[in-house]
Amino acid sequence: MREVELKELAWRCPDEWVPWSTSEEIKAAETIVGQARAVDAIAFGLGMQGTGYNIFVTGLSGTGRLTTIKSFLEGRSGKQARPDDVCFVFNFQAPEEPGALLLKAGAGRCLRDRMDSLIEELKESLPAFLKDKAFRKKLEKAIGSLQKEQQELIGDFEKAVEKAGFGLVQIQVGPVTQPEVLPVLGEEAVPLEDLEARVEAGELKAEEREKILKKHERLKERMQEVFNGVAEIRRKIALKADDVAREMVRPLISEAIAQVAREVEDERAKPYLDAVAADIEENLDVFRAEADGDGDPFLRWRVNLAVDNGRGKGLPVIIETEPSYTNLFGTIERNLLPSGEASTNFMKIRAGSLLAANGGFLVLNAEDMLSESRVWTGLKRALKYGRVTIQTLESLLVGAAALKPEAVPLNVKVVVIGDRGIYDALFRWDKDFKKIFKVLADFDMVMPASKKCAEAMVSVLAKVIEEEGLRHIDRSGLARLIEESVRMSYGRGKFSTRFSDLADLMREASWRAGQAEDELVTGNHVRQARAAARHRHSLSEDRTRELVRDGVIRIATEGTAVGRLNGLAVYDLGHYSFGKPSRISAQVGLGREGVINIERQAGLSGPTHDKGVQILTGFLRGTFARRVPLSMACSLTFEQSYGGIDGDSASSTEIYAILSALSEISLRQDVAVTGSVDQYGAVQSIGGVNQKIEGFFRVCSERGLSGTQGVMIPFTDVNDLHLDDEVLEAVEAGNFHIWAVESIAEGIEHLTGVRAGTLGPDGRWEEDSVFGRCQLRLEEMTKLLRKAGKAASKDPEKEEKEGSGEGDEGPQES
């Protein structure tokens, strides 16, 4: 064991690493800093054109993941041509299945606008053209013979009716009138039902009535034949009129459509435009009809421009911050009619960000995406089959859709940003994941603490200063920020790459310099900013220390005690973590239960803590159970701990408490201990060493430093030390101490002032040592257990015989 020197308690930035007078002399960063591995992976993923080479970016927030992705994508996208526009158009063969039309960038907007203009032009020109004298003259010539045929057919029938003594009249049948053949008696057309009355009145003979009825029947049949013939002639007239109209307007429509095609300049539009020309010819009546205000009668010929790539330069880069199903895959909007029914059409199709990024890049957040219903399933399907089908989320859930738009071919590079846990879970449990996300870009949270990396880091800070107009930093401030980066990395040989956290500290330091009306940010401003940030987040820590100060939580910082020792734990609140001492105690008695983990019995112990207890049991067994079994019952607990406990950093502390309880030698209460242990008694590294030391220091400082207080840590954690200035000042004044130990033997000697002991060739520890006294106590308890066991197992009848001396054959060895 050794006491850690002052210079080892915090990392200090060498003067030669900060050659600048102020940050104004530093060139702002132009490249990604500290992420060479991730940068190479991203470059590879973006460069590969095969199926499935999408990128999953992992790493801690603040390490520059999104900034790096933006920089890469913006650099690559601007050098390439824009991808195709995506339009949805009416499907004249299957109206419920709108067609997808891909056109070169800008052509989609041109087609949409020209089709709107074409409709307006035809609305004016076609009705006027169809009323033109030339058209009327040609139409009359074409249908003249049919009209004459119709007139002759009707005329012949009218003569036959008249000759038969009948008349052709219109009668009312409900709300409509219809022609009827009625007999004429005198000069009056008589309804058939009145003939019977005339017969009864003697005005008409029965025989004459019968003749009239027979003639009526024959005329009725002929009238139906005439009507059928007239209907057929009128059908032919309508067809002939349509043929003439189409023949007359075809050049007009063809030229208009050809003009649209010439302006669009994309051969892929030609089949659609040909279909539009044919459909307009078949629906000329739409242009003749008067507008009734109920919908758009020309809707079928309009164009829905879903993705417009005509504006901007390079490939699209879409960063979707709200990846709901609708936002990502698009939807089909609906209108609610007065009747309560929903209606829709192909013009209501809306593209999502996946289609908007087609041909380019789409960036998603893994956690946001996975929290949305059906998004991950839909994304996998789209990437796996290389197409996007737009549907409403409701139609997917109920299994019915009013429209089924044609799928659009998909060629997009997807970049998903998430943490490593999500990546590992998807890789393990989703069989499709490894096929569609073949590239992992893992952002590191640290980089080497070197002069080169220090220069790169301050260049990032210089960029923030330049972009946000912050105050420049002097040499002391730069050095202090570099030192803070070391503390954030939890290792003296590393810098943190969470530049966003360091930039936040710099921003606050700049603000404080402004409050003090100082021109430059100094190391003192950085120190103030860090202290203020800690104060804002440390309410829980302060309240916990108040409980310790008031004696509600019992923590001893002076004196000695048997079987009790101060352990150290880190409480991580997410936004803030702090160290807190906890009293660990051990009680030893007769029994064979071994070490009883009270936290485990209460359901408060995590698996790592349980493992630590099993390891320390192995140490005790290997140290003291060489000659006799490890026969004891030792209860072990964290006093006044009411929440879950996990981790093995208290293993050494628990061993010291057990050794003290066994040997009945007191432990120092002015020393707090942390460190895990292996089965051979070697003290091992732990996490949060700085917070643990500072937590115990603040408890001692509030009560008054005695000069003997301190913390015992694993020697392997010395390189992780970067303590607060208040701790350094106390250590420098000799009021607080940090000791580094390598083994349990070293630690117990420091805590008790008694030698741990050496093991003799006979397998026994020195009698006056800690281990020797523990061995004697364990042997004593073993004898007592055997004696108690023998007494409990004796037969009463045998006892009586032994008491009378019967059956004795000499001394018995137990």
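At a glance:
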item: Odd one out for Gly618, checked against (1) open to solvent by less than 50 Å² (accessible area, probe 1.4 Å); (2) in contact with a strand residue (DSSP E or B) (Cβ under 8 Å, 6 or more places away or on another chain); result: (2)
item: Residue match in segment 407-422 (condition: open to solvent by less than 40 Å² (accessible area, probe 1.4 Å), charged (D, E, K, R) and not in a loop (DSSP other than H, G, I, E, B)); result: yes
item: Residue match in segment 184-193 (condition: loosely packed, with under 11 Cβ neighbours inside 10 Å and part of a strand (DSSP E or B)); result: yes
item: Residue identified as buried (at least 21 other Cβ atoms within 10 Å of the Cβ), at pLDDT 95 or above and under 21 Å from Glu654 (Cβ atoms) among Val727, Val699; result: Val699
item: Residues of segment 467-498 that turn out to be open to solvent by less than 50 Å² (accessible area, probe 1.4 Å) and acidic (Asp, Glu), as a count; result: 3
item: Matching residues in segment 754-771 - criterion: being at pLDDT 95 or above and open to solvent by 30 Å² or more (accessible area, probe 1.4 Å); result: Val754, Arg755
item: Subset tally (residues that are open to solvent by less than 70 Å² (accessible area, probe 1.4 Å), of a type in the set (Ser, Thr, Tyr) and free of Cβ contacts under 8 Å to residues at least 24 places away in the same chain) for segment 344-376; result: 0
item: Within segment 153-177, tally of residues that are surrounded by 11 or more Cβ atoms within 10 Å (Cβ to Cβ), more than 18 Å from Gln224 (Cβ to Cβ) and without any contact (Cβ under 8 Å) to a residue 12 or more places away in the chain; result: 1
item: Tally of residues being outside any helix (DSSP H, G or I) and open to solvent by 70 Å² or more (accessible area, probe 1.4 Å) across segment 202-236; result: 2
item: Residues that are surrounded by 12 or more Cβ atoms within 10 Å (Cβ to Cβ) and more than 14 Å from Ile69 (Cα to Cα), drawn from segment 22-48; result: Thr22, Ser23, Glu24, Ile26, Ala28, Ala29, Gly34, Met48
item: Qualifying residue in segment 346-362 (condition: among the polar types (S, T, N, Q), in contact with a helix residue (DSSP H, G or I) (Cβ under 7 Å, 6 or more places away or on another chain) and modelled with pLDDT of 90 or more); result: yes
item: Within segment 279-328, considering residues that are part of a helix (DSSP H, G or I) and without any contact (Cβ under 8 Å) to a residue 60 or more places away in the chain, the one most open to solvent (accessible area, probe 1.4 Å); result: Glu282
item: Sole residue being in a helix (DSSP H, G or I), within 30 Å of Val244 (Cβ to Cβ) and under 60 Å from the mean Cα position of the chain (by Cα), chosen from Leu146, Leu126, Leu153; result: Leu126
item: Test: residue in segment 128-143 that is within 30 Å of Met445 (Cα to Cα), in contact (Cβ under 8 Å) with a residue 60 or more places away in the chain and surrounded by 17 or more Cβ atoms within 10 Å (Cβ to Cβ); result: no
item: Wholly enclosed helices (runs of 4 or more DSSP H) of segment 505-614 bearing at least 2 residues loosely packed, with under 15 Cβ neighbours inside 10 Å; result: 523-537, 539-549
item: Selected residue (criterion: least open to solvent (accessible area, probe 1.4 Å)) from residues of segment 429-459 that are outside any helix (DSSP H, G or I) and among the small types (Gly, Ala, Ser); result: Ala441
item: Residues satisfying the stated conditions in segment 392-427, i.e. over 16 Å from Leu370 (Cα atoms) and at pLDDT 90 or above; result: Lys404, Pro405, Glu406, Ala407, Val408, Pro409, Leu410, Asn411, Val412, Lys413
item: Selection count where residues are charged (D, E, K, R) and buried (at least 19 other Cβ atoms within 10 Å of the Cβ), scope segment 625-666; result: 2
item: Test: Ala107 is over 22 Å from Glu282 (Cα atoms), touching a helix residue (DSSP H, G or I) at 6+ places or on another chain (Cβ under 6 Å) and surrounded by 15 or more Cβ atoms within 10 Å (Cβ to Cβ); result: yes
item: Scan of segment 78-95 for residues that are over 17 Å from Val276 (Cα atoms) and open to solvent by 10 Å² or more (accessible area, probe 1.4 Å), ordered by number; result: Gly78, Lys79, Gln80, Ala81, Arg82, Pro83, Asp84
item: Selected residue (only one of Glu599, Glu694, Glu664 is in contact with a strand residue (DSSP E or B) (Cβ under 7 Å, 6 or more places away or on another chain), acidic (Asp, Glu) and over 26 Å from Ala730 (Cα atoms)); result: Glu599
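This table checks each residue for (1) out of contact with any Leu (no Cβ under 8 Å at 6 or more places or on another chain); (2) at pLDDT 85 or above.
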| residue | (1), (2) |
| --- | --- |
| Leu182 | no, no |
| Leu185 | no, no |
| Val190 | no, no |
| Ala206 | yes, no |
| Glu221 | yes, yes |
| Ala275 | yes, yes |
| Glu290 | yes, no |
| Asp294 | yes, no |
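The values are calculated or read from the model by the stated rules, or taken from the named source; none is laboratory data. All figures in this text were calculated on a predicted structure; none of them were measured in a lab. Reconstructed Cβ throughout: ideal geometry from the backbone, glycine too, with neighbour counts over all protein chains shown. Ligands, DNA and RNA are excluded from the accessible area calculation, which covers all protein heavy atoms including side chains. Shrake-Rupley method; radii C 1.70, N 1.55, O 1.52, S 1.80 Å.
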